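These notes concern the structure reproduced below.
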Amino acid sequence: MPSDFVDDAGIAADDAIDIREQRRRAEVDEPSSAVARFDSPLKLEAGQSLNPWQIAYQTYGELNRDKTNAVIVCHALTGDQHCANRHPVTGRPGWWEAMVGPGRPVDTDRFFVICANVIGGCSGSTGPASIRPGGTEPYALDMPVLTIRDMVRAQAMLVESLGIETLFAVVGGSMGGMQVLEWGVSYPERVFCALPIATGVRHSPQNIAFHEVGRQAIMADPDWRGGRYMIEGVKPRKGLGVARMAAHITYVSEAALHRKFGRQLQDREGLSYGFDADFQIESYLRHQGSTFVDRFDANSYLYVTRAMDYFDLAADHEGQLAHAFKGSPSRWCVISFTSDWLFPTSESRRIVHALNAAGAEVSFVEIETDRGHDAFLLMEPEFHRVVRGFLTGAARSRGIAVPAPAA
Amino acid sequence: MSDVIPAAEQRVDFRIIRELVEPGTRILDVGCGDGLLMSLLRRTLGVRASGIELSQTGVNDAVARGLSVIQGDADTDLDAYTDKSFDYVILSQSLQAMRDPHKVLENMLRIGERGIVSFPNFAYYRMRLQLLTTGKMPKTDLLPEPWWRTSNIHFCTIRDFVELCDEMGVTVEAQIALNSSGRRIPLNAPWWFWNLFGEQAVFLLRR
């Protein structure tokens, strides 16, 4: 676990931001986590290749002797490889510590968990913020457009380089769930069980629309400079912040917004009759936007949202989703949340129907919660009980030993 | 799991169903509840079991137990399954809860090589007596809910079921009627006897 994250205590706010920004930029090419560097080309769907390229990853737990207990955790849009360790830039806990860790549903006492930063990301894997090979400047918009399939191909090469032939499980929510679906379809023989959570087989027009709002916000920021902001020493903070604010609304349900914020005012007795953040929800969203900017790259946001927009599993298989899953030997467990309107249960049912039609072994659970799309990241006991049960049942079939419980 | 198995074996129709299913086959349990029957068949016969269940808690319990179960409505979701994708499709005490039992049976015999149906017999003599003497909807140990709360909306008798099978051109490969102590009524007994003394029945069907 990296412990060299920036500690803000005692440092003036501006200095802390600068130091954090330096740290964030350092993570792009020289991550504090493990990184696999490849001198063989990564062929992309857009037609070009990346060469050389790198993929940054974290591992937790031990690979067993038979190499049957490896689990890939796929992260969502703005996630990274730090799912169960303190973040090297923000110092915050891992984004999925509720799910991954010793004794957790994805139990690192039993499984060897690998979590890699996606290609196109900005946390150590090759992306638009990476320094171009043989040059001194980042790729910026010269990076080819990437797809979910490209991300998964890169992960498959990483897994191979670790000497692992088959994965026990592939687990992920949202964009991570898209990668799980792609894993199951592109590498069926290498996936024993697959858990796509709060996801869909394609991005809906509504989802694309929200992403487009975010991208336009970034590109409208004068500091974006046609994507060359790093070279010109600026950063489109406002645009990226607005993009995050818009996206964040889609991650929560209306009911949760009512419950958490209602129309309550932020640190004031009455309305200001101005455009300050009068309401708590405004203040909350602004905070979400500004903290996001500290840890994420604007161009990366363009590329990764685009990858999600382009995702359409059926289109890759003559428009027939069932063809995509045909002959799938994996066990599937599809999970949705009742209040998720970004990837509603109907999207999960589409996956389940196709898996059924393909004769695959599939479970489907809808979890009752008012916490919206983000529920998959939160402490949801029923959700965790299902994941634990599914993985335990599958581990039994796979012959993965359960370590003796601690005395 | 140890508390689960005895409960499963107490269900007399489960015992009969287990006798009808060939080991190592693929089964689909429609209305599988929390997966008791699936667990039993998987454990004792090594079948590959899948289930479909309407209730959220049933599904979550079954999946948490390591079973492959889908949250869904048999009345609508069976359409998505392909022809002959299972060796057996099982409806244990769930047919009477379907909105369209005829359509569910059609789907069952389309999806499965064979179908197994167990259901409570509404012509069982205690039912008839209760209706006759009290003038109210009968309640038994097997069917304890009052009429306004029960999910069983399409009751039938053994005779009714046989008639429907005839009408649908379905072949009955095996039929077992069980009395209130869970014993089989002898095969050579006439239909009226089955229909009077059978508290529940199990049918093995094929198209």
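The table below gives the values:
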quantity	calculated
Failed criterion for B:GLY31 (all others in (1) in contact (Cβ under 8 Å) with a residue 60 or more places away in the chain; (2) more than 13 Å from every other protein chain (Cβ to nearest Cβ); (3) at negative phi; (4) not basic (Lys, Arg) hold)	(3)
Subset of region A:253-287 (residues that are in contact with a Lys or Arg (Cβ under 7 Å, 6 or more places away or on another chain), of a type outside the set (S, T, N, Q) and within 23 Å of A:THR78 (Cβ to Cβ))	A:ALA256, A:ALA277
Positions within region A:151-174 being in a helix (DSSP H, G or I), in contact (Cβ under 8 Å) with a residue 12 or more places away in the chain and surrounded by fewer than 24 Cβ atoms within 10 Å (Cβ to Cβ), in sequence order	A:ARG153, A:ALA156, A:MET157, A:LEU158, A:VAL159, A:SER161
Residue within region A:359-372 that is within 27 Å of B:VAL30 (Cβ to Cβ), surrounded by 19 or more Cβ atoms within 10 Å (Cβ to Cβ) and more than 7 Å from chain B (Cβ to nearest Cβ) present	yes
Complete set of residues in region A:116-154 that are of a type in the set (A, V, I, L, M, F, W, C) and within 15 Å of A:PRO41 (Cα to Cα)	A:ILE119, A:MET143, A:LEU146, A:MET151, A:VAL152, A:ALA154
Per-region count, region A:291-327, residues in a helix (DSSP H, G or I), among the small types (Gly, Ala, Ser) and more than 18 Å from the chain's Cα centre (by Cα)	3
Some residue of region A:103-114 being in a strand (DSSP E or B), under 30 Å from A:PRO133 (Cβ atoms) and of a type in the set (Phe, Trp, Tyr)	no
Subset of region A:88-139 [at positive phi and either out of contact with any helix residue (DSSP H, G or I) (no Cβ under 8 Å at 6 or more places or on another chain) or not small (Gly, Ala, Ser) (or both)]	A:GLY91, A:GLY101, A:GLY103, A:GLY134
Enumeration of residues in region A:59-74 that are within 29 Å of A:GLY120 (Cβ to Cβ) and of a type in the set (D, E, K, R)	A:LYS67
Filtered residue count, region A:341-358, keeping only those that are of a type in the set (A, V, I, L, M, F, W, C), in contact (Cβ under 8 Å) with a residue 40 or more places away in the chain, under 21 Å from A:ASN207 (Cα atoms) and within 10 Å of chain B (Cβ to nearest Cβ)	0
Candidates B:ARG206, B:ARG149, B:ARG159, B:ARG110, filtered to the one that is under 18 Å from B:ALA74 (Cβ atoms) and surrounded by fewer than 18 Cβ atoms within 10 Å (Cβ to Cβ)	B:ARG110
The one condition in (1) modelled with pLDDT under 95; (2) not in a loop (DSSP other than H, G, I, E, B) that A:ARG92 fails to fulfil	(2)
Counted residues, region B:42-59 - those being surrounded by 15 or more Cβ atoms within 10 Å (Cβ to Cβ), more than 11 Å from chain A (Cβ to nearest Cβ) and either β-branched (Val, Ile, Thr) or in a strand (DSSP E or B) (or both)	1
Leading residue by the ranking (surrounded by the fewest Cβ atoms within 10 Å (Cβ to Cβ)) among those in region A:373-383 that are more than 10 Å from chain B (Cβ to nearest Cβ) and outside any loop (DSSP other than H, G, I, E, B)	A:PRO381
Subset of region B:154-197 [assigned to a loop (DSSP other than H, G, I, E, B), over 23 Å from B:TYR125 (Cβ atoms) and not hydrophobic (A, V, I, L, M, F, W, C)]	B:GLY169
Residue in region A:328-339 that is more than 21 Å from A:ASN207 (Cβ to Cβ), away from chain B (no Cβ under 14 Å) and surrounded by fewer than 20 Cβ atoms within 10 Å (Cβ to Cβ) present	no
Entirely in region B:66-153, the helices (runs of 4 or more DSSP H) that have 3 or more residues that are more than 14 Å from chain A (Cβ to nearest Cβ)	B:101-111, B:125-134
Given (1) within 28 Å of A:GLY61 (Cα to Cα); (2) of a type in the set (Gly, Ala, Ser); (3) touching a residue at least 60 places away in the same chain (Cβ under 8 Å), index of the condition A:GLY389 fails	(3)
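The values are calculated or read from the model by the stated rules, or taken from the named source; none is laboratory data. Keep in mind the model is a prediction, meaning the values are calculated, not measured. A quick note on method: Cβ atoms are made from the backbone with ideal geometry, for glycine too, and the neighbour counts reach across all protein chains shown.
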